[in-house]
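Note sheet for the following structure.
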Amino acid sequence: MSTVSTAYEEAKKIYAAAGVDAEGAIAKLKSFPISLHCWQGDDVHGFDADGPLTGGIQTTGNYPGKARTPQELMDDIDKVFSLAPGLKRVNLHASYAIFEPGEWVDRDALQPKHFAKWVEFAKKRNIGLDFNPTLFSHRMVKDNLTLSSPDKNVRDFWIRHTQACIRISEYFATELGAPCLMNIWIPDGYKDVPADRLGPRARFKDSLDQILDIPYDKSKVLVCLESKVFGIGMESYTVGSSEFTISYAAHKGILPLMDNGHYHPTETVSDKIPSMLLFNDQIALHLTRPVRWDSDHVVLFDDETKEIAKEIVRNDAMDRVKLGLDFFDASINRISAWTVGLRNAEKALLYALLLPNAQMKQLQDNGEFSKLMMLSEEMKSYPFGAIWDHYCESENVPVREAWYDEVEKYEKDVLAKRV
Ligand code: RNT
Ligand code: ZN
């Protein structure tokens, strides 16, 4: 037996003694999809425009080797998929449309055919696709406003764009036989104290109503709405605040999306998840790491990531939570950034699945708080790594840090040539 198998067999026994079924945990994890965001690969640039990244989000760093073409981005995603375990999906932005040579259409005229190559990519890999209208980095973002703009032309352009995205999402779902999550996030906001907080939100509400008015199959397209507390250049006010998006989603029967970089620093998304689960059939999450602000650092195996995973797992919500990653670090090797983040998301879920959750809930209900603290602390030094290694091996991805050799080789053979 390999050392990974030997260690796994031992670890399994240790967990079993604590009432935890390691094999069952792995089986559950294997059927839980995580949507990999395509935009880590090219610093949120996309293929349909050449301007700078705008919209209150920012990438920093200029590590060499970013993907410049659809093929390069697809190759990079494949590389990441070969290095991280688990069931994957790919999350695309509308700006990643792939045109024929010489062809170009503006965002309000995008059609399913502009994403046919992505569908081909997904079919070959037997994965699902998720989608996002791209309401930033474009000349029709006027004064940092899109769907809430006082200018009807601006609003109408973005309404047409988002409707086009619903049709593209439906095409993904039909072609791939799996629902497509379509997330609407607008950057709209004001740098300084607004004179009118209601008007922009009323216009946003009306725009969303118009968007959702088009006929589409709600079992195929899961529309969700992402909130945000502030953005760069939009420090004082954002139109799509938490209260707005939660209320709108409930009112219209769409999904709310919580991004854990989009709240005040002492707020935690882990604490919000159970409340949202009580009032929504399904919810969506963007997993990221805010460092002092919405900085979109790579997801680590840190306390809040684990806490988010626990809320998904112990509330039996793995089939009700749509989890996507959302970070973009341009200062390090992008394949490494993606892989670390994806492996850590998987790790956090596995960690949560390997806790004696029912017993811990019982201790809480019994008021046995000393024992609860003792147990959750002792669980931290259980042989989690041995179960994780076995999971990686069973998924045919490198065990422990071996994946980094692959990244170094890829950097030398592929990324370094992108000059
Ligand atoms: C921005 C939001 C949004 C974007 C992506 C690119 O603050 O988090 O989800 O990161 O749509
Ligand atoms: Zn996000």
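The C-alpha atoms of the chain define a longest principal axis, and helix 242-252 lies at about 80 degrees to it.
In debye to the nearest 20, how big a dipole does region 231-345 give about its Cα centre with +1 on each Lys and Arg Cβ and -1 on each Asp and Glu Cβ?
Details: 11 positive and 17 negative charges, 57 e Å.
Taking the Cα centre of region 231-345 as origin, the dipole is about 280 debye.
When both region 371-387 and region 167-201 are represented by their alpha-carbon centers, they are found 40 Å apart.
Taking the Cα centre of the chain as the origin, how large is its charge dipole in debye, to the nearest 20, when only Lys and Arg (+1) and Asp and Glu (-1) carry charge on their Cβ atoms?
Values: 49 positive and 62 negative charges, 104 e Å.
Roughly 500 debye, rounded to the nearest 20.
Amide H contacts of GLY128 (H built 1.01 Å from N, in plane; Pro and chain starts excluded): VAL90 sit under 5 Å, all sequence-distant by 5 or more or on other chains. Fully extending the segment from GLN359 to GLU103, taken as 0.36 nm per residue of separation minus the present Cα-Cα distance, adds 86.2 nm.
Rolling a 1.4 angstrom probe over the protein heavy atoms with all chains in place gives region 319-363 an accessible area of 25 Å² per residue.
Ranking ASP303, ASP296 from most to least accessible surface, computed with a 1.4 Å probe over the protein chains only, gives ASP303, ASP296. Label-to-label distance, ASN62 versus VAL419, with points set 7 angstrom from Cα along the beta-carbon direction: 1.5 nm. With axes computed from alpha carbons, what is the tilt in degrees of helix 3-17 against the longest principal axis of the chain, rounded to the nearest 10 within 0 to 90? Orientation of helix 3-17: about 80 degrees from the principal axis. The calculated 222 nm mean residue ellipticity attributable to helices in the chain amounts to -14000 deg cm²/dmol, summing -39500 (n - 2.57) over DSSP H runs of n ≥ 4 and dividing by all residues. Amide H contacts of LEU225: ILE184, LEU255, LEU257, each under 5 Å away and 5 or more positions distant or on a separate chain (H built 1.01 Å from N in the peptide plane; Pro and chain starts excluded).
Ranking LEU225, CYS392, THR305 by how far each Cα lies toward the positive end of the dipole of the chain (charges on Cβ) leaves LEU225 at the top.
For region 1-136, what is the accessible area per residue in Å² when the probe is 1.4 Å?
Details: 5610 Å² over 136 residues.
Per residue, region 1-136 has an accessible area of 41 Å².
A simple packing score, the average count of other Cβ atoms within 10 Å per residue, orders the peptides 362-373, 149-160 as 149-160, 362-373, with the highest score first. Phi angles across region 171-182 convert, under the Karplus curve 6.51 cos²θ - 1.76 cosθ + 1.60 with θ = phi - 60°, into 3J(HN,Hα) values of 4, 4, 4, 5, 5, 9, x, 8, x, 10, 7, 10 Hz, Gly and Pro given as x.
Taking Cα atoms only, the orientation of helix 70-81 departs from the longest principal axis of the chain by about 20 degrees. Dipole orientation for the chain: of the candidates ALA49, SER137, GLY177, GLY177 has the Cα lying most toward the positive pole (charges on Cβ; Lys, Arg +1; Asp, Glu -1). Its Cα centre serving as origin, region 11-58 has a Cβ charge dipole (Lys and Arg +1, Asp and Glu -1) of approximately 580 debye. Centre-to-centre, using Cα atoms only, region 1-46 and region 230-268 are separated by 31 Å.
Counting only protein heavy atoms and using a 1.4 Å probe, the accessible area of MET374 comes to about 90 Å².
Under a 1.4 Å probe, what is the accessible area of region 212-306 per residue, stated in Å²? Each step should come with its number before you reach the end.
Values: 4170 Å² over 95 residues.
Computed with neighbouring chains in place, this is 44 Å² per residue.
In region 37-73, whose amide N lies under 18 Å from the spot 7 Å out along Cα-to-Cβ of SER331? List them in ranges. Counting only backbone N, you get 40-44, 57-66.
So for each of 240-253, 8-21 I average, over its residues, the number of other beta carbons within 10 Å; can you give me the resulting order with the highest mean first? Could the numbers behind the result be given before it?
Values: 240-253: 17.2, 8-21: 15.5.
Descending packing order for the listed peptides: 240-253, 8-21.
Ranked by accessible surface with a 1.4 Å probe, highest first, in what order do ARG289, ARG400 come? Working shown, then result.
Values: ARG289 50, ARG400 120 Å².
Sorted descending by solvent-accessible area, the residues read ARG400, ARG289.
Using a probe of 1.4 angstrom, how much of the accessible area of the chain is carbon and sulfur, in percent? The value for the chain is 52 percent carbon and sulfur by accessible area.
Per-residue surface analysis assigns TRP293 an accessible area of about 90 Å², computed on protein heavy atoms at 1.4 Å probe radius.
What the phi angles of region 278-284 give under the Karplus curve with 6.51, -1.76 and 1.60, with θ = phi - 60°, is a coupling list of 5, 10, 9, 5, 9, 10, 10 Hz, glycine and proline written as x.
From the protein chains alone at 1.4 Å, what is the descending order of accessible area for TYR410, TYR190, largest first? Walk me through the numbers before you get to the answer.
On the way: TYR410 25, TYR190 70 Å².
Sorted descending by solvent-accessible area, the residues read TYR190, TYR410.
3J(HN,Hα) couplings calculated from phi for region 144-150 with the Karplus curve 6.51 cos²θ - 1.76 cosθ + 1.60 (θ = phi - 60°) are, in sequence order, 6, 10, 10, 6, 10, 4, x Hz; Gly and Pro show x.
Annotation for region 286-327 versus region 79-105: alpha-carbon center distance of 22 Å. Which one of ALA348, TYR248, ILE283 has its Cα pushed farthest toward the positive end of the charge dipole of the chain, where Lys and Arg give +1 and Asp and Glu give -1 at the Cβ? So the residue we want is TYR248.
Out of every Cα pair in region 270-329, what percent are spaced more than 16 Å from each other? Result for the distance tail: 43 percent.
The values are calculated or read from the model by the stated rules, or taken from the named source; none is laboratory data. Quantities reported herein were computed from a predicted structural model and do not represent experimental measurements. Please note: Cβ atoms are built from the backbone with ideal geometry, for glycine as well, and neighbour counts cover all protein chains shown. The protein model used for the area step is the full one, side chains on, heavy atoms only, and it has no ligands, DNA or RNA in it. Shrake-Rupley method; radii C 1.70, N 1.55, O 1.52, S 1.80 Å.
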